[in-house]
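Undergrad: Before I ask anything, here is the structure I am working with.
The values are calculated or read from the model by the stated rules, or taken from the named source; none is laboratory data. Bear in mind the structure is a predicted one, so any value in this text is a computation, not a measurement. Here the Cβ positions follow ideal geometry from the backbone for every residue, glycine too, while neighbour counts run over all protein chains shown. Note: areas computed on protein heavy atoms with side chains; ligands, DNA, RNA excluded. Shrake-Rupley method; radii C 1.70, N 1.55, O 1.52, S 1.80 Å.
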Amino acid sequence: MFLVFKVFLDFIFHLCLDQCIMSEVRLFKAPLSMVYECDRSGDEKFLREFNSILPGDEDALGAWLKRAKSRGETKESDQVLLTLVIELHRKIDALSDYIKNEHKQYLPLKESADIDEIGFTHIKISEDKFTKDEIYYARIVMPIFPKRNLSLYLRAQDERLAKIENMHEEDEADWNAYVTARERVMIRELRANS
């Protein structure tokens, strides 16, 4: 009985959180751009690419390093030096792929837009390009270390604002860290201008 009551309370809490408390979206300026396409019919090609752009799959070296750290194999290493050597290895791999003309092919998406503002759950683009309530598949090149593509699904709330509907868990952590960094930049700018 207690479990049913707890589930009910969780449901009410999240309903209030979504509908009542969080009705105002907090957004922060961000110099990003994205490519996207409307996905009215839940196209399999978008889902296949979405599932192929996993942080661990795109960055095998990073996944290896994470596993080595979790096993404690890097305790005796200088973490900064290790990270720099890994990044150097990535650059050599990228050069090798470029020379062999072997780079990852992404789906050509029909639309592109500059992102004006971002939030933890929303994206606002610079032009009126969305259609309300449509679902969009999108890719954003994230300016994080290491630089990589982030794939996500959006639901348009109006012509410029979209809510993030689906994102990989690891991408969500990187996204939230980036949004937090943009929030800090905004706070510093506000303090400097006051």
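Undergrad: Count, please, the residues in segment 49-106 that happen to be farther than 25 Å from residue 151 by Cβ, open to solvent by less than 100 Å² (accessible area, probe 1.4 Å) and not in a helix (DSSP H, G or I).
TA: Result for segment 49-106: 4.
Undergrad: Let me ask you something else. What's the total number of residues in segment 119-151 that are open to solvent by 40 Å² or more (accessible area, probe 1.4 Å), closer than 20 Å to residue 24 by Cβ and hydrophobic (A, V, I, L, M, F, W, C)?
TA: Result for segment 119-151: 1.
Undergrad: Could you check residue 116 against (1) open to solvent by 80 Å² or more (accessible area, probe 1.4 Å); (2) among the charged types (D, E, K, R); (3) under 20 Å from residue 142 (Cα atoms) and say which number it fails?
TA: (1)
Undergrad: Out of all the residues in segment 114-125, which are in a strand (DSSP E or B) and either hydrophobic (A, V, I, L, M, F, W, C) or free of Cβ contacts under 8 Å to residues at least 12 places away in the same chain (or both)?
TA: Within segment 114-125, 115, 118, 123, 125 meet the criteria.
Undergrad: Restricting the first residue to segment 36-47 and requiring it to be on the phi > 0 side of the Ramachandran plot, which pairs with a second residue that is part of a strand (DSSP E or B) meet a Cβ separation below 8 Å and a spacing of at least six or different chains?
TA: Pairs that qualify, where the first residue is on the phi > 0 side of the Ramachandran plot and the partner is part of a strand (DSSP E or B), are 42/135.
Undergrad: Which pairs turn up if I take residues in segment 84-113 that are touching a residue at least 24 places away in the same chain (Cβ under 8 Å) and look for partners that are of a type in the set (Lys, Arg) and surrounded by 10 or more Cβ atoms within 10 Å (Cβ to Cβ) with beta carbon separation below 6 Å, at least 6 apart in sequence or on another chain?
TA: Close Cβ pairs (under 6 Å, with a partner that is of a type in the set (Lys, Arg) and surrounded by 10 or more Cβ atoms within 10 Å (Cβ to Cβ)) amount to 113/129.
Undergrad: Which residues, taken from segment 144-194, are over 18 Å from residue 124 (Cα atoms) and free of Cβ contacts under 8 Å to residues at least 24 places away in the same chain?
TA: Result: 147, 169, 173, 184, 187, 188, 189, 190, 191, 192, 193, 194.
Undergrad: What number of residues within segment 144-194 satisfy the criterion of being closer than 15 Å to residue 117 by Cα and not hydrophobic (A, V, I, L, M, F, W, C)?
TA: Total meeting the criteria: 11.
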